[in-house]
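The values are calculated or read from the model by the stated rules, or taken from the named source; none is laboratory data. Note that the structure is predicted; figures quoted are calculated from it, not measured. No Cβ is skipped: glycine too gets one built from the backbone with ideal geometry, and neighbour counts run over all protein chains shown. Accessible surface is based on the protein model in full, side chains and every heavy atom, while ligands, DNA and RNA are left aside. Shrake-Rupley method; radii C 1.70, N 1.55, O 1.52, S 1.80 Å.
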Amino acid sequence: FGNLKGIANASVEELSQVKGIGLAKAAQIKAAFELSRRMEGYPEAGGKPIVKTPEGVASLVGGRLRGKKREHFLALLLDTRNQLIKVSEISIGSLDTSVVHPREVFKEAISASAASVIFVHNHPSGDPTASEDDIKLTKRLAEAGEIVGIDVLDHIIICDKKYLSLKREGLF
């Protein structure tokens, strides 16, 4: 197999062809890799990571959003030092839309005593380009955040291989 990626992508049957690994052990190995992949997108399992860049956001929750067939809208709730308090799933939408209301977003942020938030959602199409609706929603959420005293730091759109930061692009 040569490397861990090769092992992770191998089938149970292929793994069981390795000397000393039977079907049961091969299934355990596959399960361990799958669990690791899934845990990558759930930072609550570890410590309190500091989130400062779009790259950091993508590595933190990318595994949780990649490959999804519907839009998932998340809010990363941060303390005053940009340490992650919680990743909150706000909405699961359809193939190309997600219904997000400021009330739902900031209810979570207020109850967690968040100082700031970063919004993240996926585009199942694979194109991270922000739609007009994405831009309008981000501006609306930033305005609502201003009113309740919670800073909106960014809105990241994640796809399987790419991501886009609305803040970096100057879209809000």
Please list 3J(HN,Hα) in residue order for the stretch 55-71, calculated via the Karplus relation 6.51 cos²θ - 1.76 cosθ + 1.60 where θ = phi - 60°; whole Hz, with x for glycine and proline. 5, x, 5, 4, 6, 6, 10, x, x, 6, 9, 5, x, 6, 8, 10, 6
Quick one: dipole size for the chain, taken about the Cα centre, charges +1 on Lys/Arg Cβ and -1 on Asp/Glu Cβ, in debye to the nearest 20. 560
Placing +1 on the Cβ of each Lys and Arg and -1 on the Cβ of each Asp and Glu in the chain, which of Phe106, Phe33, Pro49 has its Cα farthest towards the positive end of the resulting dipole? Phe33
Rank-order 116-126, 96-106, 12-22 by packing density, defined as the average count of other C-beta atoms within 10 Å over each peptide's residues, highest first. 116-126, 96-106, 12-22
So, with points 7 Å from each Cα along the Cβ direction, the Lys68-Gln83 label distance in nm works out to 2.7
What lysines sit close enough to Lys86 to cross-link, taking a C-alpha to C-alpha distance under 23 Å and skipping anything fewer than 8 places away on the same chain? Lys48, Lys52, Lys68, Lys107, Lys139, Lys167
Given a 1.4 Å probe, how much area per residue of the chain is accessible, in Å²? 57
Given charges at Cβ of Lys, Arg, Asp, Glu: the chain dipole, positive-most of Ala75, His155, Gly22: Gly22
In whole percents, the bins of 5 Å from zero upward hold the Cα-Cα pairs of the chain as 1, 8, 16, 19, 17, 12, 8, 6, 5, 4, 2, 1, 0
Give the carbon-plus-sulfur fraction of the accessible surface of the stretch 97-172 in %, rounded to a whole number; probe 1.4 Å, heavy atoms of protein chains only. 50
Per-residue ³J(HN,Hα) for the stretch 159-172, Karplus 6.51 cos²θ - 1.76 cosθ + 1.60, θ = phi - 60°, Hz, x for Gly and Pro: 10, 4, 10, 9, 8, 9, 9, 5, 5, 4, 7, x, 8, 8
Mind checking which of Lys161, Lys69, Lys25 has the largest fluctuation in a GNM of the chain, springs on alpha carbons under 10 Å? Lys25
Out of residues 5 or more away from Ala115 or on other chains, whose amide H comes under 5 Å of its own, with H placed 1.01 Å from N in the peptide plane? Leu78, Asp79, Thr80
